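Here is the structure we will look at.
The values are calculated or read from the model by the stated rules, or taken from the named source; none is laboratory data. Just so it is clear, the structure is predicted and the values come from calculations on it, not from any experiment. Note: ideal-geometry Cβ built from the backbone for every residue, glycine included; neighbour counts use all protein chains shown. For the accessible areas, the whole protein counts, side chains as well, though only heavy atoms, and no ligand, DNA or RNA atoms are used. Shrake-Rupley method; radii C 1.70, N 1.55, O 1.52, S 1.80 Å.
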Amino acid sequence: MQPNVIYLSDASFDPDTGHAGIGIKNLSSGQTHSLSLCATGVNEAEEMALICAIEHALLNNHRNSVFVYDNINIDTEALKGFYAPMFEKIQFMWFKREYLKTVDRLASQARPKKEKLPHLALLESHLGSLSEQMLVAMFMPLARGDTYGFLCSISQAAPFYKELPKGMNNANKLVLSLLRQLGSKTLRDKLHERFGNVHAIKRIALDNFLREVRFDESWIEDARNECRALVCA
């Protein structure tokens, strides 16, 4: 049997942005690894950190490993049931947070800072490369009902719905406000003809909306792909 290799793992989660930093360390070699990702909550972020440590052990052929974590809510029995066949021996140990300061610091440093996260200014910097159809296709997955149907007719695309944050009942209004503020006069005229006059929503509210729905640059590429057939035609 291989000698024991001990891994530490931790996550630093920001509930305001839904982003988390992940930190892991192999105590036997001193090797560390960190990354950032999206999560639905602190428990999911902590479990992802533990899974990253397990995957790192497998990648480096450490088949007798002990994984140390500090979130007692993680279902380690389920993880053990899934990963046990891939190891000679796999063990999980819960320690208090103060014993994992090294990976806690790695996770905090890996978590994106709020001011660097994508927001309205980032989107505006890409507007020159987006057609009207692409702009509409980018945000219509957040719309519902008749609003979604009308935007389908404008973009000639029908992307799948994106999940909305729980309790968000004004998504249609926010999507239409975004399109009015970012779109051309032609687009604004189409929206006015269908939905009439609507009071403009302040920029800070639109920024918050983009953060809540976890907008990032991948949405821009998704919109381009959705409308690629139109571009080719």
Count of region 187-210 residues which are out of contact with any Phe, Trp or Tyr (no Cβ under 9 Å at 6 or more places or on another chain), open to solvent by less than 50 Å² (accessible area, probe 1.4 Å) and part of a loop (DSSP other than H, G, I, E, B): 1
Options SER125, SER131, SER108, SER29; residue that is at negative phi, in contact with a Gly (Cβ under 7 Å, 6 or more places away or on another chain) and open to solvent by 30 Å² or more (accessible area, probe 1.4 Å): SER108
Considering residues of region 5-61 that are assigned to a loop (DSSP other than H, G, I, E, B) and aliphatic (A, V, I, L, M) only, the residue modelled with the highest pLDDT: LEU27
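Looking at this structure, is GLY23 under 24 Å from LYS166 (Cβ atoms), open to solvent by less than 10 Å² (accessible area, probe 1.4 Å) and in contact (Cβ under 8 Å) with a residue 12 or more places away in the chain?
So GLY23 does not fit the description; no.
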Scope region 53-106; condition of a type in the set (Val, Ile, Thr), within 20 Å of MET1 (Cα to Cα) and in contact (Cβ under 8 Å) with a residue 60 or more places away in the chain; matching residues: VAL66
Residue in region 180-199 that is charged (D, E, K, R), farther than 15 Å from VAL136 by Cβ and touching a residue at least 24 places away in the same chain (Cβ under 8 Å) present: no
Single residue of GLU55, GLU46 found to be of a type in the set (Asp, Glu), out of contact with any Phe, Trp or Tyr (no Cβ under 6 Å at 6 or more places or on another chain) and farther than 26 Å from GLU212 by Cβ: GLU55
GLY128 being without any contact (Cβ under 8 Å) to a residue 24 or more places away in the chain, in a loop (DSSP other than H, G, I, E, B) and within 27 Å of LYS202 (Cβ to Cβ): no
Residue among LEU187, LEU206 that alone is within 23 Å of the chain's Cα centre (by Cα) and either closer than 19 Å to ILE154 by Cβ or of a type outside the set (Val, Ile, Thr) (or both): LEU206
Subset of region 143-158 (residues that are crowded, with 19+ Cβ neighbours inside 10 Å and either in contact with a Pro (Cβ under 9 Å, 6 or more places away or on another chain) or farther than 14 Å from ARG194 by Cα (or both)): ALA143, SER155, ALA157
Region 174-185, residues that are of a type in the set (S, T, N, Q) and open to solvent by 80 Å² or more (accessible area, probe 1.4 Å): GLN181
Qualifying positions in region 83-111 - closer than 17 Å to ASN26 by Cβ, in contact with a His (Cβ under 9 Å, 6 or more places away or on another chain) and assigned to a loop (DSSP other than H, G, I, E, B): PHE87
